[in-house]
Each structure stands twice: as C-alpha cells, then as structure tokens.
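In what follows, a structure is listed as structure tokens, so that the remarks can point back to it.
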Amino acid sequence: MDFVQSNLGDIGSVASFLTISVTLMGAVALLLSNLARYIQAKKFGIPIKAVSQATMGDSAAIWILLIRALGFGVFVPIVTLYLTWFWWAALPLIAISFYFALTSTITTRFVYFKKREFRGKAYVIEKEYSHRYIAVISVFASAAFMRVRTAFQYVIINDGNQFAQGFVGHSLFWLSAILMGLYALLLAHKFYSGIGNTLFGGSESMVVEIEGQKYLVAMRNSHYHWILVPCEPDVVVTKRRKDGNYSTQNFMRFRKGIFIIRDMSTIGGSIKRMNYYTPVDMGVPEDEMLAETASILDEKTYSQPLASHPKPAPSPPQA
C-alpha cells in the first residue's frame, strides 16, 4: 500500500511539472514562430506588414518539437532520477521518452526504394526505416540511463559510496556514461536542426502552378490567404563519376521582393511537395536592371523643371 501511495505521489509531481513545462513551451513556441515569420519575410524580400502574426495553431510544429526534444528527451529523464520506481517500471517510460525525443527531427534518413507496377507502368515507392534504427538506439540509451540512474540514486539520494562493485561494475557505469553523452550530443544536434529548419526554412517546400508559372508557398498573409513567390526549380549536377553516376544539388530559384497573395482554397491546381530544394535568390537579370535604371533616369530628367532665366531689361526708347 505504501508503494502504491508513493508511486501515486510521484505521478502527481511529474504531472504538475509537465503541465508547467508545457505552458512555458507554448509561449516559447509562439515567440519562435513570429521570429520565423520575420526571418522568412526578410529572406524572400517580403514587407513584414504583409505577413500576419503567428497564432498558437501556426506554432504547433515548434511546440511539438519542444515537447518531444526537451520534454521527453530531457525533463522526463531528469524527473525519473528522483522517482523510487523499480527498474521494470522506469525502463519502458525512459525508452518511450527517448524514442519520442530522437524522432522529433529526422536528420539522417535510411531509405529503401522498391519498384511496383500498376496498370502497365513502373512506380518507385520510397520506404523509410529511420524509425526502426532510432527505436534500437532508444533501447540501448534507456538501458544505459538506468545504470546511471541507479548510481545517481545510490550516491546522491542514499548517500552511498560503493555504487559499482568491482571491475565489471565500474566498466558498465563508465560505458553507460559514455553512451548517455553520445545520446545528449545526438539530441542536441536534432534539436538544433529542428529549430534551424523552422526559423530559416528546411528542405521541404510546397509548390503550386498557376497559369503555367510555378509559385513557392512562402508564408501566410491572413487566415485564408497565402504569400506565393514565383520560383524555378533547378537541378545542378555537381559531380560526375567514371561509372556513369553523378551527384546533384536541388535549388528553388526565386527573385527577391516579387510575390503575389492568393486564396489557396480557390486555386484549381494541386500543391506539390518538393523535398531537399534549397531556396536561392537568383537576382535580377542584368539587361532588365540596366533598362529599369535608364528608365528611372529618363523620368527624372524630364520631370525636372526648366531653369528660369532673368528677362533682359527693356531698352530705352530711341529718339
């Protein structure tokens, strides 16, 4: 009975801590969402007054990232250090928390392509196994954490001295500590990558075609209207190999400061998701820039008022 009451008290403490953390993360997510709007508007040359303020719904992606990376990846393990649960109760919780944290941002993908035929045509299907590898990593990381947790509770909470007996005990402890250090570095890399993709734009783009022109869906202007930037998807061959294979790099070229605003619900065409395209400002064509400069100079010349000259004095009347 004491064990049940103790566990219920621990659960109440964890729930209160998580509630406060979720509230604070919501405020941080809203702040980061508005910062991302400002950075993206500056990158595409869009006036900030044309961009709507981010709401809690718009900040859902950052909020989920904070909850998974910091909440499950950091806060939950720290809280479980002080819980008196048995290892068989804490281990599943830690493993699930690590899995949610490590899958918050997929930085390295393990992809397998499989061909299938449908109505006489061959199609390539992409199968991703990244989550399976992350699940295995989470299990090993949770086992290492349990060893560190035992040492922490024995030394810090119970004021013990010999938390690892013998050579095997010390070796397992230091191996677990090294694995937890690698987990912390991996989680920090994923968190940094996720925040960077949100603020500066990730590798995923949405492109819609209107009257033969492709537009990049940049950001929201209002609840129903979006800012669309004319773009040209481009694939550049960066390296050719002797075996015939080659490496490519994808770009989404646009002109800074040119955009339109459209209601996405009234667009007849479909929106295409394009991954791993880097937005690049291709600038203004040189001949167009020279022609615009000459036109402005001509307008300025003709708009200047004529210089006023003093009238000659009237000649005296002749006799």
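Across the stretch 211-221, in residue order, what do the Karplus-derived ³J(HN,Hα) couplings come to in whole Hz, using 6.51 cos²θ - 1.76 cosθ + 1.60 with θ = phi - 60° and x for Gly and Pro?
6, x, 10, 7, 10, 8, 6, 7, 6, 8, 9
Which of the lysines could a cross-linker span from LYS242 if the Cα-Cα distance has to be under 29 Å and same-chain partners fewer than 8 positions apart are dropped?
Leaving aside lysines fewer than 8 places away in the same chain, those within reach of LYS242 are LYS114, LYS115, LYS127.
Please give the FRET efficiency for ILE261 paired with VAL124, using the beta carbon to beta carbon distance and R0 = 45 Å, rounded to the nearest 0.05.
That gives a FRET efficiency of 0.80.
Tell me, what HN-Hα J-couplings in whole Hz come from the Karplus equation 6.51 cos²θ - 1.76 cosθ + 1.60 at θ = phi - 60° for each residue of the stretch 237-243, using x for Gly and Pro?
Per-residue couplings from phi come out as 7, 8, 7, 10, 9, 5, 7 Hz.
Under a Cβ-Cβ cut-off of 15 Å, what is the net charge of the residues other than MET219 that fall near it, where Lys and Arg count +1 and Asp and Glu count -1?
Charge balance in the 15 Å sphere: +4.
Under a crude label model (7 Å from the Cα following the beta-carbon direction), how far is VAL168 from ALA294 in nanometres?
That separation, rounded to one decimal, is 8.7 nm.
Could you put ILE62, ILE137, ILE20, ILE96 in order, starting from the residue whose Cβ has the fewest other Cβ atoms within 10 Å?
ILE20, ILE96, ILE137, ILE62
What is the spin-label model distance, in nm, from SER222 to LEU175 if the labels are put 7 Å beyond Cα along the C-beta direction?
For the pair SER222/LEU175, the computed spacing is 6.4 nm.
Among the listed pairs LYS43/LYS239; LYS49/LYS256; LYS190/LYS239; LYS214/LYS272, which are separated by more than 20 Å between their Cα atoms?
LYS43/LYS239; LYS190/LYS239
Which residues does a label at ARG109 reach in the stretch 171-205, if reach means a backbone N under 15 Å from a point 7 Å past the Cα toward the Cβ?
202-205
Can you tell me the FRET efficiency between ARG132 and ALA61 if r is taken as the Cβ-Cβ distance and R0 is 25 Å, rounded to the nearest 0.05?
That pair, ARG132 with ALA61, gives E of 0.55.
How far is it, in nm, from the label point at GLU232 to the one at VAL22 when both lie 7 Å from their Cα along the line to the Cβ?
Calculated label separation equals 4.9 nm.
Out of residues 5 or more away from LYS214 or on other chains, whose amide H comes under 5 Å of its own, with H placed 1.01 Å from N in the peptide plane?
Counting only residues 5 or more places away or on other chains, the set is CYS231.
What translational D, rounded to a whole number of µm²/s, comes out for the stretch 2-200 from Stokes-Einstein when the hydrodynamic radius is the Kirkwood one over Cα pairs, at 37 °C and 0.692 mPa s?
166
Where does each of 146-156, 83-93 land if you order them by average Cβ count within 10 Å, highest first?
Descending mean neighbour count gives 146-156, 83-93.
Among the aspartates and glutamates, select those whose C-alpha is under 14 Å from the C-alpha of LYS42, and discard any that sit fewer than 8 residues away in the same chain.
Excluding near neighbours in sequence, the set is ASP281.
Laboratory data are not the source of any read-out in this text; all were calculated from the coordinates shown. Keep in mind that what you see is a predicted model, and the values were worked out from it rather than measured. Because the Cβ atoms are built from the backbone with ideal geometry, glycine has one as well, and the counts that use them run over all protein chains shown.
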